[in-house]
1. Are any of the residues in segment 225-240 out of contact with any helix residue (DSSP H, G or I) (no Cβ under 6 Å at 6 or more places or on another chain), of a type in the set (F, W, Y) and closer than 24 Å to L283 by Cα?
2. Hey, F165 hits all of (1) in contact (Cβ under 8 Å) with a residue 60 or more places away in the chain; (2) more than 22 Å from D79 (Cα to Cα); (3) not polar (S, T, N, Q) but one; which does it fall short on?
3. Out of the residues in segment 411-464 that are surrounded by fewer than 14 Cβ atoms within 10 Å (Cβ to Cβ) and hydroxyl-bearing (S, T, Y), which is nearest to the chain's Cα centre (by Cα)?
4. Among the residues of segment 105-129, which ones are farther than 18 Å from L11 by Cα and either surrounded by 24 or more Cβ atoms within 10 Å (Cβ to Cβ) or in contact with a Leu (Cβ under 9 Å, 6 or more places away or on another chain) (or both)?
5. Hey, any hits in segment 198-214 for a residue that's assigned by TED's automatic domain parsing to the domain that holds E103, within 26 Å of S311 (Cα to Cα) and not in a loop (DSSP other than H, G, I, E, B)?
6. Go over the candidates A331, A306, A250 one by one and state the one that is in the same structural domain as L85 (by TED's automatic domain parsing), at pLDDT 90 or above, within 15 Å of the chain's Cα centre (by Cα) and not aromatic (F, W, Y).
7. Going through segment 337-380 one residue at a time, which ones are without any contact (Cβ under 8 Å) to a residue 24 or more places away in the chain and not in a helix (DSSP H, G or I)?
Amino acid sequence: MILVLLIVIPLAGGILAWLGDRRSRRVSRWISLLSIGADLALASAFAAGLASMPRGVWLAEINREWIPQLGISFHLAMDSLSLILVLLTSFLGFIAVISSWTEIEERTGFFYFNLMAVLSGIIGVFLALDLFLFYFFWELMLVPMYFLIAIWGHENRFYASVKFFIFTQMSGLLMLFAILALFFIHGRNTGIYTFDYTYLLGTSLSSAEGMWLMLGFLTAFAVKLPFVPFHSWLPDAHTEAPTAGSVILAGLLLKTGAYGLLRFVIPLFPEASLSFAPAAMVLGVIGILYGAMMAFAQTDLKRLVAYTSVSHMGFVVLGIFAWNTLALQGAIIQIVCHGISTGALFVIAGALQERIRTRDIDRMGGLWSAAPRIGAFGLFFALASLGLPGLGNFIAEFLVLIGIYKTNITVTVFATAGLVFATVYSLWMVHKTFFGENKENWKIPDFSLREMAVMSVMMIMLVLLGLYPQPLIDTAGQSLENLQKSARVGHEAAAGVGVSTQPLSDKVSAGGESR
């Protein structure tokens, strides 16, 4: 029941917020805050009870027939990976609502309805185990996010929203074709026509079938992550979206792509993923370096932060396709820490735009003296983004690099160069924004108590993850082990031999080694 509540509570809260707007904007805001707060409390209470739970594959599961004639079931399940991502979704959703408190003044109820609908769809993506249901939630995310950008965005919001929708919708259709093909192939082989993930694992596929189906899934996730060259929607969407939209895009929608790779691409198509791993690592490195260089070239603050997401998510790609324990642990920590640090940077960018009505970095010089609290938090989260030791982002990227080193030294060297570039653009951003010449003679209100509380919580979380990441690693450990086991079983089934104990990462190393 908890799985259904996690999805329904935000959606119901969004509907009530929309209806409550007839009374006042304040009612809509508080309903939204309380609903996503209830979701966060529910997920946190569930996580707090993990120690007393029996450790199986799934921590919670519900499986009911939905459309049995078509092999479609209402199958939701949560493992430790899903739990981490649901907690991140609820937390950043809470931050998104608070960051919109004074920014959204028009159609407030409809805004919060769309925001809550996006969060509900994202949670559904992290919980769905029926592929048809997964696709339903995947599409559910898109329409309300389109409205968030198109209605409450900035100057070029219509162009950015249409571009976002076309990229994600077209890639999603390719995934739908791949889902249907897998459905029919599994039915042809076994006589059982089902969309259930647990049945589809280990489906016997020829090399060509596995590669084409893997690419169908991969395209949808690569656009969302995003891989270069499927990234061009992201800077426009981030730049034009309202603050809450940017927080959700960077902190959560990108993570659905990473989750799709972890949950579906490699376990369902281990042979094809193994063959594609070297190319994926090259694309990951290209994303790291390209995103860093493009970030340095920007003068729009939100666009700069958007390109840093392209760069940092490249480490997630490397960690996933290395598919060894250290690299996967680093990828999970990067998913969480990037969501927090980049979400915070977008909150700061939105706060500055609300105050000074510009995103132009060249006009922002001297803001530290005008708003020292904004400057201090901006400096902290910029340092977190560049991977300062002692903060969570450093742990994430360090683990990924160690894991990648076991697979491909050349890739490791180029990925490490991305950390140098991150230092350059992060410090340049801080200098230009807060310490440059105050040409405009800015006099602006500093962070309020509400904004200080939000930033402080995000800051504390990054410090805790940087100094003591073991609880997160332990929580994700069982899920990562099960995913590796599923991929290994699928690999051996495709090869027609008994299950071996050799880690898939060793096979990736053999296939993608350049030493």
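1. Checked against the condition, which is being out of contact with any helix residue (DSSP H, G or I) (no Cβ under 6 Å at 6 or more places or on another chain), of a type in the set (F, W, Y) and closer than 24 Å to L283 by Cα, segment 225-240 yields no hits at all.
2. With (1) in contact (Cβ under 8 Å) with a residue 60 or more places away in the chain; (2) more than 22 Å from D79 (Cα to Cα); (3) not polar (S, T, N, Q) applied to F165, the lone miss is (1).
3. Of everything passing the filter in segment 411-464, S456 is nearest to the chain's Cα centre (by Cα).
4. Passing the criteria: only L129.
5. Yes: one or more hits.
6. Only one candidate qualifies: A250.
7. Answer for segment 337-380, where residues must be without any contact (Cβ under 8 Å) to a residue 24 or more places away in the chain and not in a helix (DSSP H, G or I): R357, T358.
Table: residues versus (1) β-branched (V, I, T); (2) outside any strand (DSSP E or B).
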residue: F74; (1), (2): no, no
residue: W101; (1), (2): no, yes
residue: V125; (1), (2): yes, yes
residue: Y135; (1), (2): no, yes
residue: I149; (1), (2): yes, yes
residue: Y159; (1), (2): no, yes
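The values are calculated or read from the model by the stated rules, or taken from the named source; none is laboratory data. These numbers come from a predicted model, not from an experiment. When we count neighbours, we look across all protein chains shown, and the Cβ atoms used for this are built from the backbone with ideal geometry, even at glycine.
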